[in-house]
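Worksheet: the structure to be examined is printed underneath.
The values are calculated or read from the model by the stated rules, or taken from the named source; none is laboratory data. Just so you know, these numbers come straight off a predicted model, no measurement behind them. Glycine gets a Cβ as well: all are built from the backbone with ideal geometry, and neighbour counts include every protein chain shown. Just the protein is used for accessible areas: all its heavy atoms, side chains included, with ligands, DNA and RNA removed. Shrake-Rupley method; radii C 1.70, N 1.55, O 1.52, S 1.80 Å.
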Amino acid sequence: MSEDALSEIEKVNIRRYCWYPTRGNSHISGSWLYFSHYGILEYRLSNFSHEEIQVIRSMLSTLSLLEQGPASSADNLDTDKAAIWTHNKNEFSDRVNLFKQQRLELVKFIGVDVGPGFNSLSVKFSV
């Protein structure tokens, strides 16, 4: 992995964590590539400085760990209390919110708008 460029899997994860859809085969152009916010993200993905790439890789590492959190909270769903230990009833939502907050930090650091997957309650028009 080059120190001066993001790998393709890192770019995929950045798109995913920033709520952008898959890009697909780069040899096939899709209409979504013509929207300016997608173009801004793609431009940034190819033009980060060495130092910015280091920060982004650190953020991706953190996000990768946090993404596993909600699934691992399932281990405690069957226990409310055990001796003096008491289950955090908000563990799942706390983990989801922390993961979402860190995703938003990545979006802010990159300097793009959140992708269309951020708001699942949207109105879509087709012409």
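Observations on the structure shown:
- Contact map, region 30-46: first residue at pLDDT below 70, second residue of a type outside the set (K, R) and part of a helix (DSSP H, G or I), Cβ cut-off under 7 Å, separation 6 or more or different chains; pairs are W32/Y38.
- Whichever residue in region 47-85 is open to solvent by 80 Å² or more (accessible area, probe 1.4 Å) and either within 16 Å of R15 (Cα to Cα) or among the charged types (D, E, K, R) (or both) and, among such residues, is modelled with the lowest pLDDT: D78
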